[in-house]
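Undergrad: Got a structure for you, questions after.
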Amino acid sequence: MTIAITAATGQLGRLVVDELLARTSAEQIVALARDTSKAADLAARGIEVRPFDYDRPEALAPALEGVDRLLLISGDAVGQRVAQHAAVIEAATASRVPFVAYTSVLHADTAQHLAVAPDHVETEQLLADAPFAVALLRNGWYSENLVDAAAQAAGSGYVLTSAGDGRQFTAARRDYAAAAAAVLTAETAEAATYELAGDTGFTQDEFAQLVGELAGATVTAQHVSTEGHRAALAEAGLPDGLVDFLVSTEQAVAHGELADPASGTLSGLIGRPTTPLRETLAGALTR
Ligand SMILES: NC(=O)c1ccc[n+]([C@@H]2O[C@H](COP(=O)([O-])OP(=O)(O)OC[C@H]3O[C@@H](n4cnc5c(N)ncnc54)[C@H](OP(=O)(O)O)[C@@H]3O)[C@@H](O)[C@H]2O)c1
């Protein structure tokens, strides 16, 4: 069986490759990379590396030759990625790939505030019309997304938030990678939708407290309205797009869109508890 991973040189892709190597042999893995020169270390581990740039649609189908299971890792070019994903789906169809797993976002179909959700919804619709079996890996937020905010809060002593008492259930990138590897190496590749999130959630007050503990400082959450938050971020000089993204993410947290309390789907897939936020932040803050 041949398992291929797109964006194999990205942070998630590399972790998926590591997780696959723990479950299967290098000969069964194909690393698809936009820039194959970045994948020399993967080739050195006995993995076949093939060029795969979402923006070169004509070259995609040949690179999927003989692939039995494909992991399509969502692109990072917001505004272009639905077209990029469409090109990959077309290539997978042309190459008769029987099974595709796609990294979507938690509650993609119901989230009202999450700025990244619409691209994932459109991609999920394209996948629904494709002739192969599809596993939707609806990944929640990476805990690593919070590292910069934690470092900033450790320095300033506060977390500015408009998320109220909303809880988010993050997990480490490596947890999502392990889930992808589990789905890709399952005995039978089945069409399914997985809502994937950390085992435990936290409010922004709890986040501030945790950062304070790790930094040995007093850190508190400063609660502001959505508009107050937007104004403060703009005043701090953040570009409009980033302000929109940050504020909409807070709204998503406030409305429970980055929460999946007690489903245990992610820890069930990976056969262990998800990595606690404390562990991810402790590792990053002491680096
Ligand atoms: N759930 C979350 O919290 C969260 C957070 C951030 C991102 N994401 C999503 O998850 C994806 C993977 O996350 P990550 O942490 O691995 O991000 P990352 O480290 O930034 O990796 C992005 C990968 O996408 C590849 N890529 C970009 N444009 C491409 C193209 N035109 N053709 C082929 N490959 C292309 C990059 O290739 P190069 O290696 O050549 O640069 C890179 O390998 C992201 O792309 C994004 O869609 C989710």
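The values are calculated or read from the model by the stated rules, or taken from the named source; none is laboratory data. Quantities reported herein were computed from a predicted structural model and do not represent experimental measurements. With ideal geometry, Cβ positions are generated from the backbone for all residues, glycine too; neighbour counts draw on all protein chains shown. What goes into the accessible areas is simple: the full protein's heavy atoms, side chains included, and nothing from ligands, DNA or RNA. Shrake-Rupley method; radii C 1.70, N 1.55, O 1.52, S 1.80 Å.
Undergrad: Binning at 5 angstrom from zero up to the longest distance, how are the C-alpha pair distances of the range 23-175 distributed in percent?
TA: The percentages, shortest bin first, are 2, 8, 15, 18, 17, 15, 10, 7, 5, 3, 0.
Undergrad: Could I ask something else about it? Compute the accessible area per residue over the range 124-235, keeping the other protein chains in place, probe 1.4 Å, unit Å².
TA: 43
Undergrad: Taking 0.36 nm per intervening residue step and subtracting the Cα-Cα distance, what contour gain separates THR220 from ALA232 on full extension?
TA: Additional length available on full extension: 2.6 nm.
Undergrad: Are there any GluC sites (Glu not before Pro) in the range 116-194 that are in a DSSP loop and have at most 11 other Cβ atoms within 10 Å? List them by number.
TA: Here the GluC sites (Glu not before Pro) that fit, given the DSSP loop and packing criteria, are GLU187, GLU190.
Undergrad: Sticking with this structure for a sec: Cα centroids of the range 1-56 and the range 125-141: how far apart, whole angstrom?
TA: Using only Cα atoms, the two centres lie 20 Å from each other.
Undergrad: Here is a follow-up. Please calculate how many Å² of accessible area the range 1-68 carries per residue, with a 1.4 Å probe and no DNA, RNA or ligand atoms counted.
TA: Each residue of the range 1-68 exposes 46 Å² on average to a 1.4 Å probe.
Undergrad: OK, next. Mind giving me the nanometre distance, one decimal, between the label points for ASP244 and ASP68, set 7 Å out from Cα along Cα→Cβ?
TA: 4.4
Undergrad: Next question. Compare GLU235, GLU279 by solvent-accessible area with a 1.4 Å probe and give them largest first, with all protein chains kept in place.
TA: GLU235, GLU279
Undergrad: Write down the Å³ per residue value for the convex hull defined by the alpha carbon atoms of the chain.
TA: Per residue, the Cα convex hull of the chain comes to 130 Å³.
Undergrad: I would also like to ask the following. Semi-axes of the range 87-126's equivalent ellipsoid from the Cα gyration tensor, sqrt of 5 times each eigenvalue, largest first, rounded to whole Å?
TA: For the range 87-126, the semi-axes come out at 24, 9, 7 Å.
Undergrad: For a Förster distance of 45 Å, can you work out the FRET efficiency between the beta-carbons of THR286 and ASP109, rounded to the nearest 0.05?
TA: Values: r = 39 Å, r/R0 = 0.86.
Efficiency, from the Cβ-Cβ distance: 0.70.
Undergrad: Continuing with the same structure: Using a Förster radius of 35 Å, what is the FRET efficiency between THR24 and ALA83 based on their Cβ-Cβ separation? Nearest 0.05, please.
TA: Using R0 = 35 Å, I get an efficiency of 0.65.
Undergrad: Shifting gears a bit: Considering only ILE47, VAL121, THR218, whose Cα is most displaced toward the positive end of the charge dipole of the chain, charges sitting on Cβ of Lys, Arg (+1) and Asp, Glu (-1)?
TA: So the residue furthest toward the plus end is ILE47.
Undergrad: Moving to a separate point now. Roughly to the nearest percent, how much of the accessible area of the chain is carbon and sulfur, given a 1.4 Å probe? Mind showing how you got there, number by number?
TA: Numbers: 6360 of 12730 Å².
For the chain, the apolar C and S fraction of the accessible surface comes to 50 percent.
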